[in-house]
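As structure tokens, the structure follows; a few thoughts come after it.
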Amino acid sequence: MSIEQQTVGELSEGELLARIFPRLNPSSSVLLGPGDDAAVVAAPDGRTLISIDTQTQDQDFRLEWNNGYRTTGYDVGWKSAAQNLSDINAMGGTAVSLVVSLTMPPDTTVQWVEDFADGLTAGIVGLGAADCSVAGGDLGRGREIAVTVAVVGTMHGLPAVLRSGASPGDTLALAGTVGRAAAGLALLESTIPVGKLNAAQRALMDSQCRPQPPLAAGPLGARAGATAMMDVSDGLLRDGARLAEASGVALDFDPIALKALATPLEAASAPLGHDPMGWILGGGEDHGLLATFPANVQLPSGFTAIGSIQAVAEGQHSGVRIAGIPADTVGWDHFAD
């Protein structure tokens, strides 16, 4: 049997870990990494940001999509890094370490696991989280592949930027993108063979498989005086409504700014007959950064104004609007969808 066909069921846990550990990048913030009962991570700020996310086969990704694309371990590793690093970014912090729990069937190939470790490391490095590394984790056996990653971060002495700080008169801004991952998902689920996708369409598909959260934007936003920030993982309207509720305000999106965001999605919308605005408003998993800034603050590099924050009149509820008109909340819900 070739190395490429060897399965995890043919190795002991120690043998499999020995294939994984060399693929994980070290960092100075992890004082004791994989190999002991627990990791030791430096926390010079004295405070620790922590978040956790799970990806499950056939719920968050498919091993083979309708258009013929096969999800690689590298894809799942990269996405696991991206979605967790983005949560720390949304607080204005930087990530310092990850711990990873990987559950898989015994017929999973060792190559898939090695690719997963490579993708995890490549995501950390490629997205710019230079001070972060994998501190440890756990391996388990199950009926399907499931990956849970917990991330630890620091604020470097700054206060964390919450969802609850937006005020009427603030500028609503976006760093990164929205809608691209949703367009990519639509292509994955389509009947257009992956081999027939053009470069623009393939780039959209890659946005779903390997998201690009703007990790430099969170700390920049915090230093520039952002009043509220959050990761856009479940859709611009759904997540915007969460920020609005937390702050007790209304988010009013500028339709011209939204249209500009939709233009790059025409490579997928035209052949699929889909209105790209649906992906902009309801599509998640790009992990863009939604933020609010006082009106007199110059937006830091990477942020674009997409609306404003409005007061909520007595008797009205917080929520999202487009050009002053209340918008239906659409987006991803893990239990309703």
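The values are calculated or read from the model by the stated rules, or taken from the named source; none is laboratory data. Given the structure is predicted, the values throughout are model-derived calculations rather than measurements. Here the Cβ positions follow ideal geometry from the backbone for every residue, glycine too, while neighbour counts run over all protein chains shown. Calculation scope for accessible area: heavy atoms of the full protein, side chains included, ligands and nucleic acids excluded. Shrake-Rupley method; radii C 1.70, N 1.55, O 1.52, S 1.80 Å.
Within segment 42-52, the set of residues being farther than 9 Å from THR154 by Cα and open to solvent by less than 50 Å² (accessible area, probe 1.4 Å) comprises ALA42, SER51.
Is it the case that some residue within segment 5-16 is under 15 Å from the mean Cα position of the chain (by Cα), within 17 Å of GLY119 (Cβ to Cβ) and of a type in the set (A, V, I, L, M, F, W, C)? Within segment 5-16, none of the residues are under 15 Å from the mean Cα position of the chain (by Cα), within 17 Å of GLY119 (Cβ to Cβ) and of a type in the set (A, V, I, L, M, F, W, C).
If you go through segment 239-269 and pick out every residue that is out of contact with any strand residue (DSSP E or B) (no Cβ under 9 Å at 6 or more places or on another chain) and among the charged types (D, E, K, R), you end up with 2. The sole residue among GLY9, GLY68, GLY33 that is in contact with a Lys or Arg (Cβ under 9 Å, 6 or more places away or on another chain), small (Gly, Ala, Ser) and either surrounded by 14 or more Cβ atoms within 10 Å (Cβ to Cβ) or in contact (Cβ under 8 Å) with a residue 12 or more places away in the chain (or both) is GLY9. One residue alone among ASP53, ASP45 is at pLDDT 95 or above and among the acidic types (Asp, Glu), and that residue is ASP53.
Yes or no, residue by residue, for (1) of a type in the set (A, V, I, L, M, F, W, C); (2) part of a helix (DSSP H, G or I); (3) over 20 Å from GLY176 (Cα atoms):
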position	(1), (2), (3)
ILE256	yes, yes, no
ALA260	yes, yes, no
PRO264	no, yes, no
GLY278	no, yes, no
LEU281	yes, yes, no
ALA291	yes, no, no
LEU299	yes, no, no
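Residues in segment 139-194 that are among the hydroxyl-bearing types (Ser, Thr, Tyr), open to solvent by less than 60 Å² (accessible area, probe 1.4 Å) and closer than 17 Å to ARG62 by Cβ: 1 in all. Applying the condition of being out of contact with any strand residue (DSSP E or B) (no Cβ under 7 Å at 6 or more places or on another chain) and closer than 20 Å to VAL125 by Cα to segment 12-24 and asking which residue is surrounded by the fewest Cβ atoms within 10 Å (Cβ to Cβ) yields PRO22.
Of SER27, SER101, SER80, which residue is part of a strand (DSSP E or B) and either buried (at least 19 other Cβ atoms within 10 Å of the Cβ) or at pLDDT 80 or above (or both)? Spell out how you get there, then give the answer.
Numbers: SER27 fails: part of a strand (DSSP E or B); SER80 fails: part of a strand (DSSP E or B).
Going through SER27, SER101, SER80 in turn, the sole match is SER101.
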